[in-house]
Amino acid sequence: MASLNKLFLIGNLTRDPEVRVTPKGTHVAQFGIAVNRQIKDEAGGPAREEVTFVDIEAWGKQAELCGKFLKKGSPCMIEGRLKFEQWDDKQSGQKRSKLKVVMENVQFLGSKPSSEETGSGATDSLGVPARAAQSGAGAPFDDANTPF
């Protein structure tokens with residue numbers, strides 16, 4: 001039987017991305033997003049909001065772009081896959097586990113940063129800041145504020 005491990009999440013960052021570089025020079029970014037969902041009360045009462053917090057891990061050029069252009073509160077769409085991690089807690093000795101998302105693609109949904117935020121006023125033909133345009137990752141901002 002075939003299997004599929006693919007997801008799309010739209011939400012806001014809960015913290016600034018933490019970017020580090022591996023000994024081989026690969027960038028790794030870790031951050032979290034909050035995904036909201038409206039739930040209607042079956043009894044006709046007011047709708048309530050459910051929030052899910054998701055840990056995200058990005059690698060390579062995508063990690064660099066997230067570190068440069070995302071910050072706490074930034075809206076984005078994440079395309080990725082689920083990854084299950086297990087480890088032994090050093091303090092209690094118990095088995096611990098969690099699911100996280102390994103990002104494969106990101107769409108920045110917020111407004112473009114100003115020239116003061118990017119450090120340069122230079123943009124490419126699409127209006128993407130020059131530092132992002134040089135990455136070869138495509139336009140990191142969606143002018144229409146929609147991922148599609």
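The calculated FRET efficiency for the pair Lys90 and Asp16, based on their C-beta separation and a Förster distance of 30 Å, comes to about 0.65. With a simple spin-label model that places each label point 7 Å from the Cα along the Cα-to-Cβ direction, the separation between Val35 and Ser111 comes to 2.8 nm.
Which pairs, out of Lys40/Lys100; Lys6/Lys90; Lys6/Lys95; Lys24/Lys68; Lys72/Lys100, put more than 22 Å between their alpha-carbon atoms? The answer is Lys40/Lys100; Lys6/Lys90; Lys6/Lys95. Amide H to amide H, with H built 1.01 Å from N, Gly11 comes under 5 Å of Cys76, Ile78, counting only residues 5 or more places away or on other chains.
For Asp16, neighbours were defined as the other residues whose beta-carbon sits under 12 Å from its Cβ, and their charges (Lys and Arg +1, Asp and Glu -1) total +3. With a simple spin-label model that places each label point 7 Å from the Cα along the Cα-to-Cβ direction, the separation between Leu99 and Leu4 comes to 1.6 nm.
Taking each residue as 0.36 nm, the span from Lys61 to Glu79 lengthens on full extension beyond its C-alpha to C-alpha distance by 5.0 nm.
Coordinate-derived values only; no laboratory data. This structure is a prediction, so every number in the text was calculated from the model and none was measured. Quick reminder, even Gly has a Cβ in these numbers, built from the backbone with ideal geometry, and neighbours come from all protein chains shown.
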